[in-house]
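Colleague: Got a structure here, written out as structure tokens. Questions coming.
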Amino acid sequence: MHVVIMAGGAGVRLRPYTSTLPKPLVPIGESYAILEIVLRQLADRGFSHVTLAINHLGALIRAFVGDGSRFGLNVDYVEEDKPLSTIGPLFGIRHRLPEHFLVMNGDVLTDLDYADLLATHARSGAPLTVATYRRTVKIDFGVLELAGDKITSFAEKPVLHYRVSMGVYGLSRSTIAHYPVGQPFGFDQLVLDLLGRGEPPAGYEFDGYWLDIGRPEDYDEANRCFADVRDMLLPAGAPTRA
């Protein structure tokens, strides 16, 4: 099984932590880089081949991961000359990818079963399968609906529930076959393009542990709770560190 990890972002929202380190190498619990946790999980789930899409401080990622052998993986790289967003880096390496593969962001902490997501995608026939998480949003105000100048409904501080993208996807090579190489192209553009073509992506519902480390407060939360979730996130046999 093959996975492409998007690890080229500058991590602007996570500064100052990313001023000297790429976001995937930021340490969690002062012990493990985010990327190390992800790589160990993937190897444990039976993945054998990882392609890392790198840009910002990419040499540090190469030095840390190497050929992947210490994680039980075969790792290669694609380096962006310019930012190509979430999906764009895939267009230039289509020939290196199997028909069905996983794509994920390099800053995700989750106990999602990556292998089951990919197997589900391969069986589904969908062009894209998006891992989704149930997010609760609390509104701090009374919410009104109007028709013209007339109030038609009112809800006092409602709690809304949405399914959000986890940043982990099952994708098929044939889905991206016609896009030009070197074109910046995001996940949002791909979803909208597929919907416009009448080829809706599939959703993969997940309600376990998930944390997207995009902001300083997310990083602080990851460090606070890591001791409690370490055994859930790291497979048996992972090195113990203080």
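Colleague: From the set of residues in the stretch 183-198 that are touching a residue at least 24 places away in the same chain (Cβ under 8 Å) and either surrounded by 14 or more Cβ atoms within 10 Å (Cβ to Cβ) or of a type in the set (Val, Ile, Thr) (or both), which is nearest to Val3 (Cα to Cα)?
Modeller: The extreme case among them is Phe187.
Quick grid of which residues meet (1) more than 18 Å from Phe185 (Cα to Cα); (2) surrounded by fewer than 21 Cβ atoms within 10 Å (Cβ to Cβ):
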| residue | (1), (2) |
| --- | --- |
| Arg45 | yes, yes |
| Asp67 | yes, yes |
| Asp81 | no, yes |
| Phe91 | no, yes |
| Met104 | no, no |
| Tyr114 | yes, no |
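Colleague: Read through the list (1) under 26 Å from Trp210 (Cα atoms); (2) of a type in the set (Gly, Ala, Ser); (3) surrounded by fewer than 12 Cβ atoms within 10 Å (Cβ to Cβ), then give the number of the only condition that Gly170 fails.
Modeller: Single failed check for Gly170: (3).
Colleague: In the list Gly214, Gly237, Gly167, Gly208, which residue meets the criterion of being at positive phi and not in a strand (DSSP E or B)?
Modeller: Of the residues listed, the single one that is at positive phi and not in a strand (DSSP E or B) is Gly237.
Colleague: Please pick out the residue among Ala119, Ala115 that is closer than 24 Å to Phe226 by Cα, out of contact with any strand residue (DSSP E or B) (no Cβ under 6 Å at 6 or more places or on another chain) and of a type in the set (A, V, I, L, M, F, W, C).
Modeller: Within the list Ala119, Ala115, the selection yields Ala115.
Colleague: Name the residues in the stretch 224-242 that are of a type outside the set (Phe, Trp, Tyr), closer than 13 Å to Ala33 by Cβ and touching a residue at least 60 places away in the same chain (Cβ under 8 Å), would you?
Modeller: Answer for the stretch 224-242, where residues must be of a type outside the set (Phe, Trp, Tyr), closer than 13 Å to Ala33 by Cβ and touching a residue at least 60 places away in the same chain (Cβ under 8 Å): Leu233, Leu234, Ala238, Arg241.
Colleague: Inside the stretch 159-211, can you point out the residues that are in contact with a Phe, Trp or Tyr (Cβ under 8 Å, 6 or more places away or on another chain) and hydrophobic (A, V, I, L, M, F, W, C)?
Modeller: Scanning the stretch 159-211 gives Val164, Met166, Val168, Leu171, Ile176, Val181, Phe185, Phe187, Phe206, Trp210.
Colleague: Please specify each residue of the stretch 119-164 satisfying the condition of being on the phi < 0 side of the Ramachandran plot, in contact with a Gly (Cβ under 9 Å, 6 or more places away or on another chain) and of a type outside the set (A, V, I, L, M, F, W, C).
Modeller: Thr120, His121, Ser124, Thr129, Thr132, Tyr133, Glu156, Pro158, Arg163
Throughout, read-outs are computed from the coordinates displayed, never taken from laboratory work. All values derive from a computational prediction rather than experimental measurement. So basically every Cβ, Gly included, is an ideal-geometry build from the backbone, and we count neighbours across all protein chains shown.
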